[in-house]
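The values are calculated or read from the model by the stated rules, or taken from the named source; none is laboratory data. Note that the structure is predicted; figures quoted are calculated from it, not measured. We place every Cβ from the backbone using ideal geometry, glycine too, and count neighbours over all the protein chains shown.
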Amino acid sequence: MSTATTELRFLGDRSGFVLLEHKQIVRISGPGTGKFIQGQFSQHVDEITASQSLRAAACTPKGRAYCLTRFVRDGDDLLMELDTDLAEPTLSQLRKYLMLFRGTSMEVLESAQLMGLIGQEAAIAVAGNEATSLTQPGQVLQADNGFLVRIEDMAGPVPRYEFWQPDGGITSPDAIDPLSTDDWNASSIAAGVPWLTSGTTENYVPQMLNLQHLQGIHFKKGCYTGQEVVARMHFLGQLKKSLFRLNFQGINTAPAPGTKLQAGGKNAGEVINSVMTGSDHGTLLAVLRHDTAEAALALEGKDSVTLQLDTLPYPVPEREEKSDT
C-alpha cells in the first residue's frame, strides 16, 4: 500500500502554517513559580530558559501522565500549552498544589494564539531570517511579537516550529500555504510526538509515550508527583511497551484514541492518536507491547483494516533491552 507519509502534502520543499485553535497558553507567575513546576512536572525547571523550551509531563501519584505540555520562559514567568479539551481538568488538578504557593497564579491567556509552522520558509515568514538560527528541537527565538520554538522534525528532515504569541494578534503569513488541523496532527504523528485525550489520560507512564526521547523527562531532578514510578521504570529497565507509529488502510474514519490493537487475538496495545490522510487510509501512534510489535496487528473488531509499522524519526533503544522483571 501507499504509506500515509508520502501523501502529506507539506513534505519536501512545501511550507505551511495552521492556527492551533485547539490549544491554549497558560501563564504561571509569582514567587513560587519555579518550585511549583519543579514539584509537579517531569522536567527540571532550571533548564527551561529564554533560549530553550522543553516538554514535560504531569503525573498522578501512580506515575500516570494526565498532562503532556511544553514550557516557554517569558521573563520570570513560564508559559505552558494545553489542549483545550483537557485544559479544565488539568488546571483543576494542578491548582490543588498551586494553592500551597502564596502569590503564585496560573492564568489562561484568553487572547493568546499559537501557530504551527512546517518548513523553514514558514518560520522565516513569521519571525524573519533569524529563524534560521534554530537548528535543534527546543531552541527558542524571541521575536518582536512572540516566541518561535523549533520543535521535533519529521523525517527528511522537515523542520517544524510553533509560534507562541501570548498577547494574540497573529496574522497569516504572506505567500505561505494554510494547512488544516489534520495536517498538523499528521505531522506530529510523523514526528512521533503524542498528545493526550480524554480516552488516554492517566493511562500511561511518560516513558510509554516516548517522552524521554522528546526532551520531556529529567531523570536527575528532585522529587515530583509520580517521580518514584517514573524513575523506577527508567533505572530498573522495566519498560515493556512504548509508542510506535503505524499506517492503516481499509477504513473511512480514524480509530478513536483508546481503540485496542490485537496480535493473535490478544491485546497488544492501544491507539493514542490517529488521523486520516486519504479517503480510506491514515496514520496513527499506538502504545504497543514490545513483544507484539513484529506480529500481525489488527484493530479490535475491524478485521478489514490493515496495519503497517512505520519508522519513527528517533531511536527507542529500550525496545532492544531484555529484562526478566
### Query
Checking MET99 against (1) under 22 Å from ILE48 (Cα atoms); (2) out of contact with any strand residue (DSSP E or B) (no Cβ under 6 Å at 6 or more places or on another chain); (3) hydrophobic (A, V, I, L, M, F, W, C), which test does it fail?
(1)
## Note on the structure
Among (1) in contact with a Ser or Thr (Cβ under 8 Å, 6 or more places away or on another chain); (2) over 26 Å from ASP182 (Cα atoms); (3) modelled with pLDDT of 95 or more, ASN273 falls short only on (2)
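Can you name the residue in the stretch 300-325 that is in a strand (DSSP E or B) and charged (D, E, K, R) and is also surrounded by the most Cβ atoms within 10 Å (Cβ to Cβ) among such residues? Give the derivation first.
Let us first name the residues in the stretch 300-325 that are in a strand (DSSP E or B), namely 302, 306-310.
In the following step, the residues that additionally are charged (D, E, K, R) were identified as 302, 310.
Numbers: LYS302: 15, ASP310: 18.
Within the stretch 300-325, the match that is surrounded by the most Cβ atoms within 10 Å (Cβ to Cβ) is ASP310.
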#### Entry: Pair list, Cβ under 6 Å, 6 or more apart: the stretch 169-192 residue in contact (Cβ under 8 Å) with a residue 12 or more places away in the chain, other residue of a type in the set (Phe, Trp, Tyr) and buried (at least 23 other Cβ atoms within 10 Å of the Cβ)
PRO173/PHE17; ILE176/PHE17
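Looking at the structure I just gave you, is GLU228 assigned to a helix (DSSP H, G or I), among the charged types (D, E, K, R) and out of contact with any His (no Cβ under 6 Å at 6 or more places or on another chain)?
Yes.
So, in the stretch 53-96, exactly how many residues are out of contact with any strand residue (DSSP E or B) (no Cβ under 8 Å at 6 or more places or on another chain) and within 21 Å of PRO31 (Cα to Cα)?
Filtering the stretch 53-96 down to residues out of contact with any strand residue (DSSP E or B) (no Cβ under 8 Å at 6 or more places or on another chain) leaves 61-64, 75, 85, 88, 92, 96.
Filter once more, keeping what is within 21 Å of PRO31 (Cα to Cα): 75, 92, 96.
Looking only at that region, the number is 3.
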### Query
From the residues in the stretch 111-154 that are more than 22 Å from the chain's Cα centre (by Cα) and in a loop (DSSP other than H, G, I, E, B), which one is surrounded by the fewest Cβ atoms within 10 Å (Cβ to Cβ)?
ASP144
### Task
Kindly indicate whether any position in the stretch 211-221 is assigned to a loop (DSSP other than H, G, I, E, B), free of Cβ contacts under 8 Å to residues at least 60 places away in the same chain, β-branched (Val, Ile, Thr) and on the phi < 0 side of the Ramachandran plot.
no
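Please go through the stretch 185-209 and give me each residue that is under 21 Å from LYS23 (Cα atoms), polar (S, T, N, Q) and not in a helix (DSSP H, G or I), ordered by number.
Taking the stretch 185-209 as the starting set, the residues that turn out to be under 21 Å from LYS23 (Cα atoms) are 185-202, 206, 209.
From what's left, polar (S, T, N, Q): 185, 187-188, 197-198, 200-201.
Listed by number, the residues that qualify are THR197, SER198, THR200, THR201.
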### Query
What are the residues in the stretch 58-80 that are surrounded by 13 or more Cβ atoms within 10 Å (Cβ to Cβ) and farther than 22 Å from VAL230 by Cα, if any?
VAL72, ARG73, ASP74, ASP77, LEU78, LEU79
### Which listed residue, of LEU196, LEU179, is buried (at least 18 other Cβ atoms within 10 Å of the Cβ) and closer than 29 Å to THR60 by Cβ
LEU196
### Task
Give the stretch 45-82 a look and list any residue that's of a type outside the set (Val, Ile, Thr), touching a Leu at 6+ places or on another chain (Cβ under 8 Å) and not in a strand (DSSP E or B), or say none.
GLU47
### Task
May I ask you to verify whether LYS241 is modelled with pLDDT of 95 or more, in contact with an Asp or Glu (Cβ under 7 Å, 6 or more places away or on another chain) and charged (D, E, K, R)?
no
### Task
Of all residues in the stretch 262-296, count the ones that are more than 19 Å from the chain's Cα centre (by Cα) and either farther than 17 Å from GLY192 by Cβ or of a type in the set (Lys, Arg) (or both).
17
### Task
Please give the number of the condition LEU297 fails out of (1) within 21 Å of GLY63 (Cα to Cα); (2) of a type outside the set (D, E, K, R); (3) surrounded by 19 or more Cβ atoms within 10 Å (Cβ to Cβ).
(1)
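If you check ASP83 against the conditions, is it under 29 Å from ALA143 (Cα atoms), surrounded by 14 or more Cβ atoms within 10 Å (Cβ to Cβ) and either among the hydroxyl-bearing types (Ser, Thr, Tyr) or at pLDDT 95 or above (or both)?
Values: under 29 Å from ALA143 (Cα atoms): yes; surrounded by 14 or more Cβ atoms within 10 Å (Cβ to Cβ): yes; either among the hydroxyl-bearing types (Ser, Thr, Tyr) or at pLDDT 95 or above (or both): yes.
Spelling it out, ASP83 is indeed under 29 Å from ALA143 (Cα atoms), surrounded by 14 or more Cβ atoms within 10 Å (Cβ to Cβ) and either among the hydroxyl-bearing types (Ser, Thr, Tyr) or at pLDDT 95 or above (or both).
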#### Entry: So PRO159, is it assigned to a strand (DSSP E or B), within 19 Å of the chain's Cα centre (by Cα) and at pLDDT 95 or above
yes
### Message
Only one of ALA127, ALA131, ALA123, ALA112 is under 29 Å from ALA186 (Cβ atoms) and in contact (Cβ under 8 Å) with a residue 60 or more places away in the chain. Can you tell me which?
### Response
ALA112
### Summary
Note on the stretch 26-81: residues of a type in the set (A, V, I, L, M), in contact with a Gly (Cβ under 7 Å, 6 or more places away or on another chain) and closer than 15 Å to CYS223 by Cα are VAL45, ALA56, ALA57
